[in-house]
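Here's the structure, in C-alpha cells; my notes come after.
What follows is calculated from the coordinates using simple rules that are stated; it is not laboratory data. All values reported here derive from a predicted model rather than from experimental measurement. Heads up, the Cβs are rebuilt from the backbone with ideal geometry, glycines too, and the neighbour counts pull from every protein chain shown.
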Amino acid sequence: MRQSHLFTRTRKEAPKDEISKNAELLIRGGFIHKEMAGVYSYLPLGLRVLNKIENIIREEMNNIKGQEIKMATLHPSENWKQTGGWDNVDVLFKLQSRTEKEYALGQSEEEIVTPIAKEYANSYKDLPVAIYQIGQKYRDELRTKSGIMRGREFGMKDMYSFHATQEDFDNFYEIAKQAYFKIFQRVGLDAKVTEASGGSFSEKLSYEFMVLTSAGEDDIIYCEKCTHCANAEISKVPEGNDCPKCGKGKMKKARASEVGNVFDLGQKYPKSFNYTYKDQNGEEKTPFVGCYGIGTTRLMGTVVEALSDDKGIIWPESIAPFAIHLLAFGEDEVVSEEAEKIYNNLIKNGIEVLFDDRAENSAGEKFADADLLGIPLRAIVSVRSIKNKGVELKKRTEEKGRIVSLEELLKILTART
C-alpha cells in the first residue's frame, strides 16, 4: 500500500482524555478512532493488526478441533432469565423494543451456545464438541479505562466445549491451556497462568493468562525461577518467600493484564436449559461444559503496552500491519524510480509493504512516522543506498542498518512469511 493513499494520518499529540499508552499510540498512529469512552473504531492499519491476531487464534482453535460459528449478539431476555443472569449480571446491557419486548446485548455467549449444543449434540456419539466464535461483546462498565484494554464494546474469541464426562473435560481443559500459550507466544507475549475465582461464571477456580505490564488491573505473585503464579488476592505465599512449587526461586509481586481465561462451568448451563444427552445405555445424562475466552482487542492493546518504546509501537512480525516499511528519501528522480522499482518488485512477490511515497514530507517526519507505526523492518532508498547498489535495511529496534541487494531483501522477507 502507498502511504499517500491512506486516508488516515499520524498525529503528534494524543487526545487529552487518553492516559493509557496503548490508546495514545494507537490513536496517534491512526490505528483506531475513539467514538466515546470505552468504544473505538478500527481503521485500516488497526484492522490489519486485529485480523492477524484473530487468524492466529483461529488457527490454534482449529488445531484443537474447535469449530467456528458466528452467534447472535442481540439475545432474547428469556434465555438470560432462565439462567438467572438477567438479574444477577450487573454489566448486562438491556434493551426494550417498541413492542415492549426485552433483549440483551451479548456480554458472553453461554445463554446462546447452550441451546445450540442441546439441539445438535444430544448423544454420547456427538460429544465432545468445541464451538467458538470471534466477535463483538458489550458490557455496561461503570468506568472504562486503559484504552482498548477495557471497554464497553470490544472484540472477543470465546469457545465452549461440551463433554460426556468430567475426565474428558479435564483432558480438553489442559489441551486448551496449552493452545493459549501458543497463541500468546505467537503474538510476542510471555504469558503467565494464574489461578483465580470463577466469579459470576463458575463457582470453581478458573485460570487467567497474565502479561506483566504497568497498565494491568491485577496484582500477581509469581516465581522468578519456574512457572508458578497466582493472583495476589488468593495467593497463600507472600512476596519474598520461597516458591512453594520449585523451592528455588523467590516469589515476586507485579502488575499484570489479563489477556485470556478458561473456566470450568461444570453443569450449570445445561441444567438451566434442561440439556441432556443419551449415554451408551440410553440413559439421560447432563454434559460438562468449559468456557475459553481471549479478548482480541484487549490483546492488541496489551501488545502495545508491553512492546512499545518512547518513539512508538514495536509490532511483532506475526501481527504487524505490514512486513516492511519502504521509505524513499530525496527528491532525486533516480531515487523515486528505484523506490518504485523496489515497491513493485515486493508487491509482485507477495510481500506486504507500506511504501512511504509522500513527496511533501521531510526525512525527519518520515522517520518519526515509521517509529510510531512500528513496522518491524524498514528499507530506505536514498542516493547513498543506490550508489552502494542496494537498499538500507534496518529493524525497528536497531539504530543503524546495513546495505543489502534487492535479491537479498526478497530472500529475507520471503523467509519470514
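Below is a table of values for the structure above.
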| read-out | value |
| --- | --- |
| Qualifying lysines (Cα of each under 21 Å from Cα of K16; at least 8 residues distant if same chain) | K34, K145, K311 |
| Those chymotrypsin sites (Phe, Trp or Tyr not before Pro) in the range 226-331 that DSSP places in a loop and that have at most 12 other beta carbons within 10 Å | none |
| Lone cysteines, the chain (no partner Cβ under 4.7 Å) | C229, C291 |
| Restraint check, K65/K253; K348/K387; K94/K271; K182/K250, Cα-Cα greater than 30 Å | K65/K253 |
| Eligible aspartates and glutamates near K389 by straight Cα distance, threshold 19 Å, same-chain separation 8 or greater | E331, D332, E333, E337, E338, E340, E407, E408 |
| Global form of the range 215-354, assessed from the alpha-carbon gyration tensor, a/c cut-off 1.5 | oblate |
| Cα-based shape type of the chain, given that a ≥ b ≥ c are square roots of the gyration tensor eigenvalues and the cut on a/c is 1.5 | prolate |
| Structure-based [θ]222 nm, the chain - -39500 (n - 2.57) summed over DSSP H runs of at least 4, per residue, nearest 500 | -9500 deg cm²/dmol |
| Potential lengthening between E239 and E407 on full extension [0.36 nm per residue; Cα-Cα distance subtracted] | 55.1 nm |
| Total formal charge among the other residues, if their Cβ is under 11 angstrom from that of E360, Lys/Arg +1 and Asp/Glu -1 | -1 |
| Gyration tensor (alpha-carbon) shape descriptor, the range 88-169, a/c threshold 1.5 | oblate |
| Members of K366/K411; K341/K394; K12/K366; K70/K157 lying beyond 22 Å, as alpha-carbon distances in this model show | K366/K411 |
